[in-house]
Structures are given as structure tokens and as C-alpha cells.
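Trainee: The structure follows.
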Amino acid sequence: MKRYLVTGAAGFIGANFLKYLLKKYEEDIYVVVLDKLTYAGNLGTIKDEIADSRVRFVRGDIRNAELVANIFAETDIDYVVNFAAESHVDRSIANPQLFLETNILGTQNMLDCARKAWYRGKDSEGKPLYAEGKKFLQVSTDEVYG
Ligand SMILES: NC(=O)c1ccc[n+]([C@@H]2O[C@H](COP(=O)([O-])OP(=O)(O)OC[C@H]3O[C@@H](n4cnc5c(N)ncnc54)[C@H](O)[C@@H]3O)[C@@H](O)[C@H]2O)c1
């Protein structure tokens with residue numbers, strides 16, 4: 001079974017991705033959804049999906065290191081798909097700081113938590129070893145990549 005951590009799944013793309021995943025993989029999947037439910041998040045869009053026994057919904061912020069670390073500690077996550085973001089360009093003009101905090105620091109926190117969870121020590125040359133087969137997919141635009 002593959003275990004996913006999908007952030008921002010109450011948003012436009014994440015919700016459709018969650019529906020797609022559950023349909024495609026049927027029983028061979030477990031998905032933790034992490035979403036802060038900002039103005040952009042709509043839990044109604046995924047109400048059937050979060051009632052599914054293959055899904056666990058966590059309301060929270062991708063910037064919250066303790067929360068994200070706990071998710072990794074509780075579930076052996078194979079794949080992270082990070083959709084959580086401030087995505088409405090007009091709002092970035094009114095409140096650019098929130099965009100930087102969520103899109104940059106939030107993404108950095110997700111990456112850092114994944115790296116720590118997947119770290120498996122060092123090889124004989126002192127290089128870091130990571131668990132096999134783990135993947136982090138960053139879904140974004142210039143707002144994050146810069
Ligand atoms: N929609 C598009 O046409 C499009 C095109 C290209 C790229 N993108 C990028 O794809 C990503 C997802 O886009 P979308 O349209 O689904 O966005 P969206 O605004 O519809 O959804 C974003 C989701 O993230 C959640 N969220 C926001 N801040 C959070 C935080 N700090 N912690 C946890 N959850 C948080 C919101 O509640 C919401 O559910 C974004 O990075 C966006 O820039 C979108």
C-alpha cells in the first residue's frame with residue numbers, strides 16, 4: 001500500500017487530485033490530507049473523500065513543523081504532494097508577506113520534515129542515506145519557484 005500526504009486538497013487542483021487518486025488506486029492507498037482551510041479551501045468539495053476510510057483529514061498549516069513531523073511519525077508517508085499555497089495573485093499585492101510565509105517557508109517546512117522522516121543515517125563515506133522510493137512532488141508556479 002502507498003501512503004500519500006496531500007496538502008491543500010480542499011483547493012481547486014488538490015481536490016481533483018484526491019478524487020483521481022482514490023478512484024485510480026482503489027484499496028491500495030492511504031491518504032493524509034493536510035489543509036488549513038483558508039478562504040480558498042472548501043471542505044464540501046471533498047466531503048465524500050474525507051469520509052472514506054482510506055483518508056484522514058487534518059486541519060492545519062504546512063508551516064507548523066511539529067504538526068507535519070507528527071504526521072510523518074504516525075504514518076510512513078511514501079509520497080508528498082504539496083498543493084497548499086496562497087495562489088490568488090490579486091491577494092499577493094494586498095498581502096505579500098502571507099504569500100512568502102506560506103509558499104516559501106511552508107514549502108521549506110514540508111521539505112525539511114520529509115527529509116528528516118526519510119533520513120536513514122550515513123553510508124560508509126559519510127554521505128546521507130534516505131529511504132528508497134520516497135518522493136516529494138511540489139506543485140507550484142513562479143510564486144514558489146521565484
Ligand atoms: N489553479 C491553477 O490554474 C494553477 C495553475 C498553475 C499552478 N497552480 C499552483 O498549484 C497550486 C495549487 O493551486 P490551486 O488552484 O489548487 O490553489 P487553491 O487556492 O484553490 O487551493 C489552495 C489550498 O491550500 C490551502 N492552504 C493555503 N494555505 C495553507 C497553509 N498554510 N497550510 C495548509 N493549507 C493551506 C487552502 O485552504 C486551499 O485548500 C498553487 O501553488 C498554485 O499556484 C495553480
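The values are calculated or read from the model by the stated rules, or taken from the named source; none is laboratory data. For clarity, every value in this text was computed on a predicted model and none was experimentally measured. In this analysis, Cβ positions are derived from the backbone assuming ideal geometry, glycine residues included, and neighbour counts consider all displayed protein chains. Accessible surface areas use protein heavy atoms only, side chains included; no ligands, DNA or RNA. Shrake-Rupley method; radii C 1.70, N 1.55, O 1.52, S 1.80 Å.
Trainee: Going through segment 55-82 one residue at a time, which ones are open to solvent by 40 Å² or more (accessible area, probe 1.4 Å) and among the aliphatic types (A, V, I, L, M)?
Mentor: Within segment 55-82, Ala65, Leu67, Ala69, Ala73 meet the criteria.
Trainee: Looking at (1) on the phi > 0 side of the Ramachandran plot; (2) in contact with a strand residue (DSSP E or B) (Cβ under 7 Å, 6 or more places away or on another chain); (3) of a type in the set (Gly, Ala, Ser), which is the only condition Gly133 fails?
Mentor: (2)
Trainee: A further question follows. Only residues that are over 15 Å from Asp76 (Cα atoms) and not in a helix (DSSP H, G or I): list them for segment 1-33, please.
Mentor: Hits for segment 1-33 are Thr7, Gly8, Ala9, Ala10, Gly11, Glu26, Glu27.
Trainee: Moving on. Check segment 39-51 and report whether any residue there is closer than 27 Å to Tyr119 by Cβ, out of contact with any His (no Cβ under 6 Å at 6 or more places or on another chain), of a type outside the set (A, V, I, L, M, F, W, C) and within 14 Å of the ligand (Cβ to nearest atom).
Mentor: no
Trainee: Pairs please, first residue from segment 119-137 and in a loop (DSSP other than H, G, I, E, B), second anywhere and of a type in the set (Val, Ile, Thr) and open to solvent by less than 90 Å² (accessible area, probe 1.4 Å), Cβ atoms under 9 Å, 6+ apart in sequence or on different chains.
Mentor: Every condition considered, the pairs that remain are Lys134/Ile77; Lys134/Val80.
Trainee: Is there a residue being closer than 22 Å to Thr141 by Cα, among the β-branched types (Val, Ile, Thr) and open to solvent by 90 Å² or more (accessible area, probe 1.4 Å) anywhere in segment 26-41? Lay out the reasoning, then the answer.
Mentor: Filtering segment 26-41 for residues closer than 22 Å to Thr141 by Cα gives 33-41.
The next check asks that each one be among the β-branched types (Val, Ile, Thr); those that pass are 33, 38.
Cutting the leftovers down to open to solvent by 90 Å² or more (accessible area, probe 1.4 Å) gives us none.
So far as segment 26-41 goes, no, none of its residues is closer than 22 Å to Thr141 by Cα, among the β-branched types (Val, Ile, Thr) and open to solvent by 90 Å² or more (accessible area, probe 1.4 Å).
Trainee: Restricting attention to helices (runs of 4 or more DSSP H) lying wholly within segment 39-95, give those where 3 or more residues are more than 15 Å from Gly11 (Cα to Cα) and without any contact (Cβ under 8 Å) to a residue 60 or more places away in the chain.
Mentor: So the answer is 65-74, 89-94.
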